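The values are calculated or read from the model by the stated rules, or taken from the named source; none is laboratory data. Since we're looking at a predicted model, the values are computed, not measured. Neighbour counts are summed over all protein chains in view; Cβ atoms, including those assigned to glycine, are modelled from backbone coordinates with ideal geometry. We work out accessible area using only protein heavy atoms, side chains counted, and drop any ligands, DNA or RNA first. Shrake-Rupley method; radii C 1.70, N 1.55, O 1.52, S 1.80 Å.
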Amino acid sequence: ALRSRSGRSIINGNWAIDRPGRYEGGGTMFTYRRPNEISSTAGESFLADGPTNEVLDVYMIHQQPNPGIHYEYIIPGDNVISPQLIAHRRPGEPLNGQLAMPESTSPEDEDLHRETDILTGQAAGTFPVIQPGRFPSHQPENQVPAVQPPRQNREHNWKQVGKTECTTTCGKGSQYPIFHCVNRITHEEVPEGYCDSSTKPIPEEEACNLFPCPAFWDIGEWSECSKTCGLGMQHRQILCRQIYANRTLTVQQYRCQHLEKPDTTSTCQLKICSEWQIRTEWTSCSVPCGVGQRTRDVKCVSNLGDVVDDEECNMKLRPNDIENCDMGPCAKSWFLTEWSDRCSAECGPGIRTRSVLCMTNHVSSLPLEGCGNNRPPETTPCNNGPCAGRVEWFAGGWTQCSTECGSGTQQREVICVRKTEGNFDVLDPYECSYLEKPPSQQSCYLKPCGSKWFHTEWSTCSKSCEGGFRLREVRCLSDDMAASTQCEPQLKPEEKEPCNTQDCVPEIDENCKDKYYNCNVVVQARLCVYSYYKTACCASCSRVANRQPGFLGRR
């Protein structure tokens, strides 16, 4: 993979494999080749004409043993030298007006020249071609040099009086000779006008301060912190570098052993991680009775106290902001007492009474819609036999109070009679309409009831035959209809009783029969839900449906 130092992928970036082809990057065009891995053993390659204008990094991932990397590159030189000229040059002979490097160099210098610059590369052992007309041709030794014209006698000529300062203090710099016009005899400097300017030598560049500069640690930039908040790690590249010939080379790290190596890793913390904060207490339950929900305010807060997005906090540690709450059972049923033991009339028609109330979250007889509109009756007729009477409005005695305690009612018979000798003939009430009719009912109150048992109506029997059971709820309530524990335990009504104890008699439907001998397989495979099998194996499917209510669904 090829990537720039800025992090931009050029070839095979972001863990994706590109097709072979041409890709632009680093100021040049790269040709990417990837041979067939089955038919060829050659590896992948990048090729570019260059030059590059930025540092590029090559990455390699391998699952087999490391196959290695082969690389070549060319560096343009300031002084272009002909290969033929180098081949015929005598030792110590100037090249382009300057001496070449000594034939013998120190091992350290020789090692420096062999160092590989992993970032920019090293020359591949070839020399650029000499530019035409740049150097005088070299004459073979067997040829006689041409006769030079005689030098004219001049009083002044050009003389080298020194050199310019070296452009660098180490690592191979350059300097030029300085020529002044002098008197040939006294060698005193005179104005340049005394000399022929056409004969002034052209200053040739000369190498200077060839010894290498001291190696140094080249410190790269820190990478991004591994974590956006909290304690993380960051890295940087540390290379041992040395400058030679205006180029910075990467050298072996032992050359920098005289210097303390900077750290390549460091801890980092961009900011303190945000945390969860519970801002409010739990709200009240959403329902007055039964199971509801309650909530509270939970926010993700930064280290500066600002509310931020939940994603900046650890979602696994988020406190619950909603939960269920149970406010107790909602008793939305009619509660009633047993019928009173006494009839309101000692003879003739009368009534018996009972107390009826709807139990909701708050004990009261309201709201009626909590229990429905079918309020159970509070009175029921009773008759202890006919009574004798006489002609007039005849009011019988008040019956006993309909309740033994608390508020009740008393009844009495009021009839129109005609008194006869020892008898009373009952007349139509119309006959007594001109008389004021005495009241036939009044309220009564004997004593406070204290606590008393109330119960709901019986539920539906759990089975229609072969013995089931039915339930009702029983509560002990005080005079003010509040829950109480003062009721007599031995008088508590039963909350459960058996029902429908008769045997089940199957109904035989002549039209419902099994048409196949293997209908038991249909039942085992639960195919009775389909109308076809339900008809073809009617008897078997019906037996299963009777044993398992809800077994047959709809399709």
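Roughly how many Å is it from the Cα centre of the stretch 404-419 to that of the stretch 466-499, as a whole number?
32
Obtain the nm distance between the two label points defined at residue 309 and residue 185 by a simple spin-label model: each point lies 7 Å from its Cα along the Cα-to-C-beta direction.
9.5
At 7 Å along the Cα-to-beta-carbon direction for both residue 501 and residue 42, put a label point, then send me their distance in nm to one decimal.
10.1
Just want the answer: with Cβ charges of +1 for Lys and Arg and -1 for Asp and Glu, which residue in 191, 201, 169 is farthest toward the dipole's positive end in the stretch 157-208?
169
Quick one: if the Förster radius is 25 Å, what FRET efficiency do residue 210 and residue 58 give, using the C-beta to C-beta distance and rounding to 0.05?
Given R0 = 25 Å and the Cβ-Cβ separation, E is 0.20.
First compute the accessible area of the stretch 172-238 with a 1.4 Å probe, then give the percent of it belonging to carbon and sulfur atoms. Write down the numbers at each step before the final one.
Numbers: 2320 of 4360 Å².
The nonpolar share, carbon plus sulfur, comes to 53 percent.
If each of residue 404 and residue 272 carries a label point 7 Å out from its Cα toward its Cβ, how far apart are those two points in nm?
Placing both labels 7 Å beyond Cα along the Cβ direction yields 7.3 nm.
Given R₀ = 45 Å, FRET efficiency for residue 318-residue 469 by Cβ-Cβ distance, to 0.05? It would help to have the intermediate numbers written out before the result.
Numbers: r = 47 Å, r/R0 = 1.05.
Approximately 0.45, to the nearest 0.05.
Roughly speaking, what % of Cα-Cα pairs in the stretch 452-499 are separated by over 14 Å, rounded to a whole number? Working shown, then result.
Values: 612 of 1128 pairs.
Of all Cα-Cα pairs in the stretch 452-499, 54 percent lie more than 14 Å apart.
Heavy atoms only, probe 1.4 Å: what % of the accessible area of the stretch 452-499 goes to carbon and sulfur, would you let me know? Please report the intermediate quantities before stating the final value.
On the way: 1590 of 3120 Å².
So the carbon and sulfur contribution to the accessible surface is 51 percent.
Remind me, relative contact order of the stretch 157-208 in percent, using alpha carbon pairs under 8 angstrom and six or more residues apart? Write out the running numbers ahead of the final one.
Values: 82 pairs, mean separation 20.8, N = 52.
Relative contact order for the stretch 157-208 comes out at 40 percent.
Excluding ligands, DNA and RNA, what is the solvent-accessible area per residue of the stretch 157-208 at a probe of 1.4 Å, expressed in Å²?
Details: 3390 Å² over 52 residues.
With the other protein chains kept in place, the stretch 157-208 gives 65 Å² per residue.
If you take the charge dipole of the stretch 452-499 about its Cα centre, with +1 on Lys and Arg Cβ and -1 on Asp and Glu Cβ, which of 465, 489, 454 is farthest toward its positive end?
465
Given the stretch 214-270 reduced to its alpha-carbon atoms as identical point scatterers, what log10 I(q)/I(0) does the Debye formula return at q = 0.25, 0.26 Å⁻¹?
With one equal scatterer per Cα and no solvent, log10 I(q)/I(0) is -0.91, -0.95.
If N is the number of residues in the stretch 157-208, what value comes out of its Cα radius of gyration divided by 2.2 N^0.38 Å?
Working: Rg = 13.3 Å, N = 52, 2.2 N^0.38 = 9.9 Å.
So the stretch 157-208 has a normalised radius of gyration of 1.35.
Residue 266's amide H: which non-local residues (gap 5+, or another chain) put their own amide H closer than 5 Å, with H modeled 1.01 Å from N in plane and none for Pro or chain starts?
Sorted by chain and number, the residues that satisfy this are 234.
Which order do peptides 431-441, 62-72 fall in by mean Cβ count within 10 Å, highest first? Could the numbers behind the result be given before it?
Working: 431-441: 11.9, 62-72: 7.9.
Highest mean packing first, the order is 431-441, 62-72.
May I ask you to list the lysines whose Cα is less than 16 Å away from that of residue 227, ignoring any residue fewer than eight positions away on the same chain?
The qualifying lysines are 271.
Considering every pair of different Cα atoms, what Kirkwood radius, in Å, is found for the stretch 2-58? Each step should come with its number before you reach the end.
On the way: mean 1/r = 0.0829 Å⁻¹.
Mean inverse Cα-Cα distance, inverted, gives 12.1 Å.
Summarise the accessible area of the stretch 275-327 (1.4 Å probe, protein heavy atoms) by the percent that is carbon and sulfur.
Numbers: 1700 of 3770 Å².
Of all accessible area on the stretch 275-327, carbon and sulfur atoms account for 45 percent.
Set the Förster radius R0 to 45 Å, insert the Cβ-Cβ distance between residue 202 and residue 223 as r into 1/(1 + (r/R0)^6), and round the FRET efficiency to 0.05. Each step should come with its number before you reach the end.
Values: r = 52 Å, r/R0 = 1.16.
It comes out at approximately 0.30.
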